[in-house]
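Quick notes on the structure that follows.
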Amino acid sequence: MAARRLKRVAASQPGFLGLKGARDTAELLGGRRKRVNKNKKKNWNKHIDVNDVEDFLEDVRHQERTTGGLLSEKPDDSLFFLDVGQPQRAEPKEEEPVEGKRKKRRGPLRIDLILQHDSLVPPPKDVLSYQQPNAKKLRRIAQKAEQLAAKGVVPRRQKRLLNRQPVNRTTKKAVTEANNNPDREYYDIWGQEPKEVGDAWFLQQTGKKRVKRPEKLNEKPSVLPAVEVIAPGGSYNPDFFSHQALLQEAHEVEVKKQKAEDKIERQLAVNREDTATEETIYQEQVEGLVEEDDEEEAAPIEEEEIASVGAITVAEKKTERQRRKERAEKLKWQRRQANRLYNNQRQQLFQLRSIKASIKQQEQTTKDNQKERLAKKEAEKAQPRRLGKLKFQAQDLEVKLSDELAGSLRQLKPEGSILKDRFKSLQKRNLIEPRERAKFKRRHKVKYVEKRAFREIS
């Protein structure tokens, strides 16, 4: 207590310069220090002095900015050097000053030095450029493969590769004909098909004969051109009627979009008549609780109905006479049906004209349906197909309004994106499926630090 009192008295004297900060001096002057329980989390940042940690971290950051790392980790050669004096240089010859010639300046200008980046800390990496879709799934597959390899389990694909019989490639090469042989066949080196020497069966079995390419692989996935030329109304100085036609087309597209949005709003709209009121709520709550008087009495069950329900019908055995009668009636019915069919066929002889006309009409209807299906199939070739789960969305028409038209190419403002146009063209020609960029969730928030070089400029 006495030592603390002496310190307090010395700190109160005028002209005293303490070795510690002003905070310690204030504590000496203030009296007894407040005791705080440091085990509780709410007192960590409030009553714990972290200035020494902040000073240490600031010192580390300063060393990284100025030297590119910690000085304690640097080798001695980068920190110290042997001073042997300045080397002797040959004295330059004094040139006579020439009138009108300025002296050359050595080194960069001061303004360029200010704008230079003086921090030796490398810029942070772009995290999004290193991320890839399904990274966790691929990592799990690789880890599982490593675990199976450690246990000695060979995957099925690798087993198939190991069990494949080696191909004997020590077959003798076909002897080429001499170039000076006049009887050799003519061979066009610029032809599409390679020259096949030897038996066709031998070439096919040895794998030297090329497999015939299917004709379907030569077909293009779409008949649309790679680069579509915009209508004449999209020019920088278009004709009035062509520009109005392009505006009408863009207007129809926007009207379609608006109708689709209105349809969704109508479907999602709430009908006020269907909303619950106090009367409907009360009726639902008391439903089934009030017993209704049955005014109608149950009709008496007659004894005959009970007897008819409970009785078991016993089938009587038919006599021979009844069976003969049934057979005769069946034969009569079959004869009547045969006579009717015969009469119908005779009547059709007199209806040949109408039958031919109906057959001709059916054939014409079939041909029309075939033509319609072919036309629909040809029209579908120019439309994008459904290749994935997403549907193709055509980009908006790039059209200028009447008041935005420019008189020359110098005043024309660019519109749209070439990269997006090419990407949509690939989707429209069925070369790639419509897709969206994979969304990555950032775990930690981005911390923005204002560098000293930027602070000086601003």
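Exactly one residue out of E326, E380 is under 30 Å from S425 (Cβ atoms) and either of a type in the set (K, R) or in a helix (DSSP H, G or I) (or both): that is E380. Exactly one residue among E326, E265 is modelled with pLDDT of 90 or more and closer than 30 Å to A394 by Cα, and that residue is E265. If you go through region 400-458 and keep only what is surrounded by 10 or more Cβ atoms within 10 Å (Cβ to Cβ), touching a Phe, Trp or Tyr at 6+ places or on another chain (Cβ under 8 Å) and either within 30 Å of P124 (Cα to Cα) or polar (S, T, N, Q) (or both), you end up with just Q427. The single condition among (1) in a helix (DSSP H, G or I); (2) surrounded by 10 or more Cβ atoms within 10 Å (Cβ to Cβ) that G388 does not satisfy is (1). Of all residues in region 249-264, at least one satisfies being touching a residue at least 40 places away in the same chain (Cβ under 8 Å) and either charged (D, E, K, R) or within 13 Å of K400 (Cα to Cα) (or both). For first residues located in region 418-432 and closer than 15 Å to L390 by Cα, partners that are part of a helix (DSSP H, G or I) and lie 6+ apart or on another chain with Cβ distances below 7 Å form the pairs I432/L426.
Selection of first residues in region 374-391 that are over 13 Å from P221 (Cα atoms) and of second residues that are part of a loop (DSSP other than H, G, I, E, B), restricted to Cβ pairs under 6 Å at least 6 apart or on distinct chains, gives the following pairs, ordered by first then second residue: G388/E433; L390/P434. Pairs linking a residue in region 42-68 that is touching a residue at least 24 places away in the same chain (Cβ under 8 Å) to a residue that is of a type in the set (D, E), with Cβ atoms under 9 Å and 6 or more positions apart or on different chains, are R65/D118; T66/D118.
The values are calculated or read from the model by the stated rules, or taken from the named source; none is laboratory data. Note that the structure is a prediction, hence the values are computed from the model and not measured. All Cβ positions, glycine included, derive from the backbone under ideal geometry; neighbour counts span all protein chains shown.
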